[in-house]
Structures are given as C-alpha cells and as structure tokens.
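The values are calculated or read from the model by the stated rules, or taken from the named source; none is laboratory data. The shown structure was predicted, so the numbers you read here are calculated from the model rather than taken from an experiment. Cβ sites come from the backbone with ideal geometry, for glycine too, and all protein chains shown count toward neighbours. The protein model used for the area step is the full one, side chains on, heavy atoms only, and it has no ligands, DNA or RNA in it. Shrake-Rupley method; radii C 1.70, N 1.55, O 1.52, S 1.80 Å.
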Amino acid sequence: MTRPLLEAIEVSKSYSRGNHVLARFNETVKAVDQVSFTIQEGESLGLVGESGCGKSTLGRCLTRLHAVTAGQILFDGVDLAPLSLRALRPYRPHIQMVFQDPYASLNPRRRIGDLLAEPLRVHHRGSKAEIAERVGDLLDRVGLLPDHVHRFPHEFSGGQRQRIGIARALALNPRLVIADEPVSALDVSVQAQIVNLLLDLREQLGLTYVFIAHDLSVVRQVTERVAVMYLGRIVEMGRTDTVFRAPAHPYTKALISAVPRPDPTGASRAQRIILHGDVPSPSNPPSGCHFHPRCPVAQDRCRHDAPTLRPVGPGRQAACHFAA
C-alpha cells in the first residue's frame, strides 16, 4: 500500500477548567483520548458519535487549529503536531476545513469576494486580476453567480452561505478537506443539495474527506469508511457498508438502531436499543471501558480492563472485549 495521506497516531487533546489559582479545584477534560487512524488519498472517512464525543475537537486538531496534547499527526509523512505556526504555513493550503455554522464562520462585515480572495492574497497566489478570476471560478464551481462577490453574508440563505464556505475551503486547491457537520444546520432539502455538491467536488477534484457528522444517513451516503467515537475514543472502525449492515460494538448497534426508518407497521421500533443513563463527564470518565456503565453486555472485566481497537473481521476493528 502507498503511504497514507493522513495518519493520526494516539492523538489526545485535554483542556483544563476551573479555578486556576486554586489548583486542587481544577479539572482536566480529555476531549480526545489516544485516537489513531489512517486515511488514504482520495478516500472519505466519516467520524460519527453523540454530541460531545470529541469528533469536532479531533477535526480541529487534524487541521492544527487546536494544538494536540499528545500524539502525532502525519500529513504525507510529516508530523504536524510539534510544528510552530510559522513552520505550519507551507502545509496550511493542503488541509482546509468547512465549518458547521456557515454564518458564524463568515465575517459579516466583508463582502463575499473579499472573503474568497483573502486566502489567495495571504498565500500570494497570483496577481489581483488572477485572484479575481479565481474567485469567479470558485463561485461557479459551487453553483453561485459571479455578481455575488459584491454581497454580504447576511444576503444569502443558509445553503448559499455553506456553498461560500465550501468555495473558501477550495480556494487553495487543498488535498484534504475536514467537513465539520457541514449540513446539520440546514433544511433537509438543502442538505441533499450540499451533499451532492460535496460528492461532485470530490469526483472532479480528487479530494480526500474527513466527514464529521451525527446524521448516520448522510455519513452512509458520503463516506467509504467510518469511525465511531464515544467519550473521546474510537470504539469501532471499518467500511461504512459493513459497519452499518453488521455493527460489532454495542454502542454502534445502539446508534444504528436509532436511525429513523419509514415503517408504518412499527416493526422497526421494536428493534430499537435504548441506552440507559447519561453520557459520563469527560472530566471524570469511568474506569476500564468508558461505555460499560451503559452497555447491555458489560461484564466485570469491562469495569477494569480498557479494550483497545482489535480486528473483528476483514478491514474492521472494534474496541470491545465481546465484539461480535
């Protein structure tokens, strides 16, 4: 196999919260806990899980918007984790991000033409005329009109703003795009348009995606492999169709059982797996397997022995002592 485009090796990200003067009251929150995976060029990997599981934090660590607490982030063989902001600059154009809220990520005081031209100016990508031409090409590629360059973000709908966010991410011809829940803030009909746009762009430009979402139906449509996260850890990873057809981890089974299905008879409702209790606090996670307080098949071993990702089939891994 060729060298992966991106490889995360035991990536961790912790935050401290509390009274920093009185150290005994401080808490350490492990948002991401020793996550490892690889992604090949041209591949699309989905990151799924409940809100607060650490998937968005992991995405920001991969782009180095957040510095990692521990671990390595290898991009084309180069470890980005220890690099300074100056040393990171040559790699910034190759890794771009599409944010969840297209309105919050766009400066409301600047026109769209300026927003799309800014990364090109910062990285010295052409003359003024060439940058203007590139901005027009970007708008056309995402389905917007050339005269939109003179408008402000508030003059667009949510779907149009997300198209602008995608255009900005593509401005520097990246190799890897981190899409952080790019359709969760949009209407269902608009979601389909944005998903189709992302699929078309991937085919046209040969992009590699890390697609972060909690909507499993969207992930199933966009990605080839999926990694399921729970409380900062990856609990299952494998080909999307295989994981959805026969999940191995109890948490993955519960997630997939919660996906709504058009079933007038109500038969699918009987198959729903209800997890009891709440998600534990990341500042005080359970010992052993983090999922054991809510797991329907947990045994005494799970309370003391933290499982690691292990093969459970061709191209599949699960972090469970009793994975099917």
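For the range 296-310, give me the residue count where each residue is free of Cβ contacts under 8 Å to residues at least 60 places away in the same chain and within 27 Å of TYR15 (Cα to Cα). Spell out the reasoning first.
First, pick out the residues of the range 296-310 that are free of Cβ contacts under 8 Å to residues at least 60 places away in the same chain: 296-308, 310.
Among the residues that remain, those that are also within 27 Å of TYR15 (Cα to Cα) are: 302-308.
Number of matching residues: 7.
Any chance the range 232-244 includes a residue that's in contact with a Leu (Cβ under 7 Å, 6 or more places away or on another chain), over 29 Å from ALA132 (Cα atoms), charged (D, E, K, R) and crowded, with 18+ Cβ neighbours inside 10 Å?
No.
Pick out the one residue from ILE164, ILE194 that is of a type outside the set (Gly, Ala, Ser), over 18 Å from the mean Cα position of the chain (by Cα), open to solvent by less than 30 Å² (accessible area, probe 1.4 Å) and closer than 24 Å to GLY136 by Cα. Before you say what the answer is, go through the steps one by one.
Values: ILE194 fails: over 18 Å from the mean Cα position of the chain (by Cα).
ILE164 is the lone residue from the list that is of a type outside the set (Gly, Ala, Ser), over 18 Å from the mean Cα position of the chain (by Cα), open to solvent by less than 30 Å² (accessible area, probe 1.4 Å) and closer than 24 Å to GLY136 by Cα.
Report yes if some residue within the range 214-223 is in contact with a Pro (Cβ under 9 Å, 6 or more places away or on another chain), farther than 16 Å from PHE37 by Cβ and not hydrophobic (A, V, I, L, M, F, W, C); otherwise report no.
So far as the range 214-223 goes, yes, one or more of its residues are in contact with a Pro (Cβ under 9 Å, 6 or more places away or on another chain), farther than 16 Å from PHE37 by Cβ and not hydrophobic (A, V, I, L, M, F, W, C).
Do we have ALA323 as modelled with pLDDT under 90, buried (at least 16 other Cβ atoms within 10 Å of the Cβ) and in contact with a helix residue (DSSP H, G or I) (Cβ under 6 Å, 6 or more places away or on another chain) here? Break it down stepwise before answering.
Values: modelled with pLDDT under 90: yes; buried (at least 16 other Cβ atoms within 10 Å of the Cβ): yes; in contact with a helix residue (DSSP H, G or I) (Cβ under 6 Å, 6 or more places away or on another chain): no.
Judged against the criteria, ALA323 is not a match.
Looking at PRO146 and the list (1) more than 24 Å from GLN191 (Cα to Cα); (2) open to solvent by 60 Å² or more (accessible area, probe 1.4 Å); (3) at pLDDT below 95, which single condition is not satisfied?
Of (1) more than 24 Å from GLN191 (Cα to Cα); (2) open to solvent by 60 Å² or more (accessible area, probe 1.4 Å); (3) at pLDDT below 95, only one is false for PRO146: (1).
Please go through the range 169-197 and pick out each residue that is touching a strand residue (DSSP E or B) at 6+ places or on another chain (Cβ under 8 Å) and not hydrophobic (A, V, I, L, M, F, W, C).
Of everything in the range 169-197, those that are touching a strand residue (DSSP E or B) at 6+ places or on another chain (Cβ under 8 Å) and not hydrophobic (A, V, I, L, M, F, W, C) turn out to be PRO174, ARG175, ASP180, GLU181, PRO182.
For GLY277, indicate whether it is open to solvent by less than 30 Å² (accessible area, probe 1.4 Å), in a loop (DSSP other than H, G, I, E, B) and not charged (D, E, K, R).
Working: open to solvent by less than 30 Å² (accessible area, probe 1.4 Å): no; in a loop (DSSP other than H, G, I, E, B): yes; not charged (D, E, K, R): yes.
Considered against the rule, which asks whether it is open to solvent by less than 30 Å² (accessible area, probe 1.4 Å), in a loop (DSSP other than H, G, I, E, B) and not charged (D, E, K, R), GLY277 comes out as no.
Out of the range 167-188, which residues are open to solvent by 60 Å² or more (accessible area, probe 1.4 Å) and either at pLDDT 95 or above or closer than 17 Å to VAL222 by Cβ (or both)?
Of everything in the range 167-188, those that are open to solvent by 60 Å² or more (accessible area, probe 1.4 Å) and either at pLDDT 95 or above or closer than 17 Å to VAL222 by Cβ (or both) turn out to be ASN173, ARG175, ALA185, VAL188.
Taking strands (runs of 3 or more DSSP E) that do not extend beyond the range 15-117, which have at least 1 residues that are at positive phi and in contact with a helix residue (DSSP H, G or I) (Cβ under 9 Å, 6 or more places away or on another chain)?
Values: elements: 27-39, 44-48, 70-75, 95-98.
Qualifying strands (runs of 3 or more DSSP E): 70-75.
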